[in-house]
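In what follows, a single structure is set out as structure tokens and then discussed.
The values are calculated or read from the model by the stated rules, or taken from the named source; none is laboratory data. Keep in mind that this is a model prediction, so the values were computed, not measured. FYI the Cβ positions are ideal-geometry reconstructions off the backbone, even for glycines, and counts take in every protein chain you see. To get the accessible areas, we keep the full protein, side chains included, count just its heavy atoms, and leave off ligands, DNA and RNA. Shrake-Rupley method; radii C 1.70, N 1.55, O 1.52, S 1.80 Å.
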Amino acid sequence: GAVVSQHPSRVICKSGTSVKIECRSLDFQATTMFWYRQFPKQSLMLMATSNEGSKATYEQGVEKDKFLINHASLTLSTLTVTSAHPEDSSFYICSARESYNYGYTFGSGTRLTVV
Amino acid sequence: QKEVEQNSGPLSVPEGAIASLNCTYSDRGSQSFFWYRQYSGKSPELIMFIYSNGDKEDGRFTAQLNKASQYVSLLIRDSQPSDSATYLCAVTLSGGYQKVTFGTGTKLQVIP
């Protein structure tokens, strides 16, 4: 089945620094990938839709200048959290879909802690 | 009204019993419906997806969809302690077919 790889799995950074998270589709091409954020005991909230070769589409309330998304190839999307603050600490997860006949596969997630 | 609603639980069932998880959605144009399992601290894992009215079975899991009632359910037969997790219902909304909205999840506890 489709495999989505996400790195790093866990990162601790200082307030004010930037963190890059990578999401790769390993055995399929993904023109679209999705980035979610999940706070403890809450559901997944879609942050943005990453489109290969074009600008990402951000959900209402998500700062596009703070959460930079780059989808430079059909197998790689990156999310950069810029000028991170403690309130950005969360579980970030990407997902992609191999085709319409398959469900969405999630990466293993990145636990970001900003200190 | 939330777009996707689930009872947060916890739903407790004895080992070997059938667990029934329910989900309602508000957008009548919704086209695809998914059930995910999420263990604490892990990312969601796809269990089932269903597009058409009726039942879809895969091993111990059966997804049921009723578009007229805007209702989708997941049955887990012969529940095992390893099934204890949070189950997320997800729906793709109309007018942006790839965009997936998640419910808040139902926590299932299978008691040995």
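With no other cysteine's Cβ closer than 4.7 Å, which Cys residues of the protein assembly as shown count as lacking a disulfide-compatible partner?
Among the cysteines of the protein assembly as shown, those whose Cβ sits 4.7 Å or more from every other are A:C13.
Am I reading the B/A interface right? What is its buried accessible area, both sides, 1.4 Å probe, to the nearest 100 Å²? Each step should come with its number before you reach the end.
Values: alone 6060 and 6530 Å², together 10980 Å².
Chains B and A together bury roughly 1600 Å² of accessible area.
Read phi for every residue in segment B:53-62 and hand back ³J(HN,Hα) as whole Hz from Karplus 6.51 cos²θ - 1.76 cosθ + 1.60, θ = phi - 60°, with x for Gly and Pro.
4, x, 10, 9, 10, 8, x, 7, 9, 9
What lysines sit close enough to B:K56 to cross-link, taking a C-alpha to C-alpha distance under 20 Å and skipping anything fewer than 8 places away on the same chain?
B:K67
Using only alpha carbon pairs under 8 Å that are at least six residues apart, calculate the relative contact order of chain A and give it in whole percent.
For chain A, the relative contact order is 37 percent.
Leaving out ligands and nucleic acids, and using a 1.4 Å probe, what accessible area per residue does chain A come to in Å²?
Details: 5710 Å² over 115 residues.
Per-residue accessible area for chain A comes out at 50 Å².
Hey, what's segment B:6-75 come to in accessible area per residue, 1.4 Å probe, Å²?
On a per-residue basis, 48 Å².
Accessible area of chain A with a 1.4 Å probe: how many percent of it is carbon plus sulfur?
About 51 percent, which is the carbon plus sulfur part of the accessible surface.
Which of B:K42, B:K99, B:K67 ends up with the largest GNM mean-square fluctuation for chain B, with Cα atoms connected below 10 Å?
Largest GNM mean-square fluctuation: B:K42.
Starting from a Cα-only point model with no solvent, please compute log10 I(q)/I(0) by Debye for chain B at q = 0.09 1/Å.
-0.21
Modelling each spin label as a point 7 Å along the Cα-to-Cβ direction, I'd like the A:S18/B:N22 distance in nm, to one decimal.
The answer from the label model is 4.9 nm.
Report ³J(HN,Hα) in whole Hz for each residue of segment A:68-75, in order, from the Karplus equation J = 6.51 cos²θ - 1.76 cosθ + 1.60 where θ = phi - 60°; Gly and Pro get x.
8, 10, 10, 10, 7, 9, 6, 10
In segment A:85-111, which residues have a backbone nitrogen under 20 Å from the label point lying 7 Å from A:L26's Cα in the Cα-to-Cβ direction?
In segment A:85-111, the label zone of A:L26 (backbone N under 20 Å from the point 7 Å along Cα→Cβ) covers A:92-99, A:102-111.
Can you give the local net charge around B:F49? Use residues other than it whose beta-carbon is closer than 11 angstrom to its beta-carbon, Lys and Arg +1, Asp and Glu -1.
+1
Mind grabbing the accessible area of A:F106 for me, 1.4 Å probe, Å², rounded to tens?
For A:F106, solvent-accessible area is about 20 Å².
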